[in-house]
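Readers should treat all values here as calculations from the given coordinates under stated rules, not as data from a laboratory. Just so it is clear, the model here is predicted, and its values are computed rather than measured. For neighbour counting, all protein chains shown are included, and Cβ atoms are generated from backbone atoms with ideal geometry for every residue, glycine included.
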Amino acid sequence: MAEKVQTGVSGLDKMLYGGIPDKSMVLLSGGPGAGKTLLSFEFLYRNAKMGHTGAFFALEEEPGQLVSNVKAAFTELTDIDDVLNSGKLVINAETPSEDLINDYDEKSNFEFGKVMADIESVITSTKAERVVIDSVSVLDIMIRNPTLYRKYMLAMLTNLRRLGVTALMTIELESPERDKLVFKPEYFIFDGIIALYQTGEESRRMLASEVLKMRGTRHSFVTTPYDITSSGFRLFAAEDIAPY
Ligand SMILES: Nc1ncnc2c1ncn2[C@@H]1O[C@H](COP(=O)(O)OP(=O)(O)OP(=O)(O)O)[C@@H](O)[C@H]1O
Ligand SMILES: [Mg+2]
């Protein structure tokens, strides 16, 4: 069995029977505001504190904005700056230029190659073992050509696998509801999928998470409520109640 990478997130490692198999490519999907960015940041933060360097590639927001959002949400994690200053967690802004939109054109291939080369050089120079890309939906929106998008996703995974990292990539779900879940063809190339849902009506919204798949390990099949607290995520794993 592959070695496990602990996420360090309360409850999630229980759902994963110890963690994510080492060097897995995991999709973290969820609706707007479900907590994809915060959860993936917490994964790197917890791993940095365990001694494993992480690189966060922000495709959607400025690193400064990201850090201030994270600090506003996780007020009890008072050592975020120390972790960032230690170099164990590096945040990079990666903003693909409009050239990516030029499909059927060499410019688009060139632009994607540039983004990938930037990502690779940061991973190599920081010796990052854990990687977050937030989010790959940005590429989908920019490229607008499903075939080309899939080709780039595959290329990205091939490159990340070659670099030997464990990666979490966030993706926007079309609907935050579990029963409207749609699997897209590009999902099948990932080793694991963790989904975050928002269910119920506006007045009684419930956040729930589920491990849809995780190659190479046992995992929970239970839809698990979660909470975003000032000291991080809490997933109320059923495995806590009925120990395995
Ligand atoms: N200061 C805060 N206090 C409490 N909860 C917060 C705070 N900031 C954010 N949150 C919670 O975190 C959620 C946003 O988390 P996050 O930015 O990780 O979501 P996301 O899934 O990445 O969203 P998007 O699709 O917009 O990128 C909010 O919807 C809210 O529930
Ligand atoms: Mg986000």
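Can you compute 3J(HN,Hα) from phi for each residue in region 115-127, using the Karplus curve 6.51 cos²θ - 1.76 cosθ + 1.60 with θ = phi - 60°, rounded to whole Hz and x for Gly and Pro?
With coefficients 6.51, -1.76 and 1.60, one gets 4, 5, 5, 4, 4, 5, 5, 5, 4, 5, 6, 8, 6 Hz.
In region 15-56, if every C-alpha pair distance is counted and binned at 5 Å from zero, what percent goes to each bin?
5, 18, 25, 31, 15, 5, 0
For region 193-244 and region 57-99, write down the distance between their C-alpha centroids in whole Å.
Centre-to-centre (Cα) distance: 24 Å.
Give the lysines whose C-alpha is closer than 23 Å to that of K14, dropping any in the same chain fewer than 8 places away, or say none.
K4, K23, K36, K49, K213
Lys/Arg Cβ at +1, Asp/Glu Cβ at -1, dipole of the chain taken about the Cα centre: which of G30, Y197, F221 is farthest positive-ward?
F221
Size of the dipole of region 4-241 about the Cα centre, Lys and Arg at +1 and Asp and Glu at -1 on the beta carbon, nothing else charged, in debye to 20? Numbers along the way, then the final one.
On the way: 26 positive and 34 negative charges, 186 e Å.
With Lys and Arg at +1 and Asp and Glu at -1, about 900 debye.
Can you give the percent of C-alpha pairs in the chain whose distance is more than 24 Å? Write out the running numbers ahead of the final one.
Details: 13075 of 29646 pairs.
Tail fraction, whole percent: 44.
Considering only the other residues whose Cβ falls under 14 Å of the Cβ of T158, what net charge follows from Lys and Arg at +1 and Asp and Glu at -1?
+2
For region 145-158, take each phi angle, set θ = phi - 60°, evaluate the Karplus expression 6.51 cos²θ - 1.76 cosθ + 1.60, and give the result in whole Hz per residue in order, putting x for glycine and proline.
My calculation for region 145-158 gives 10, x, 5, 5, 4, 5, 4, 5, 4, 4, 5, 5, 5, 4 Hz in order.
Tell me the mean residue ellipticity at 222 nm calculated for the chain from its helices only (DSSP H runs of n ≥ 4, each -39500 (n - 2.57), averaged over every residue, nearest 500).
Computed ellipticity for the chain at 222 nm equals -10500 deg cm²/dmol.
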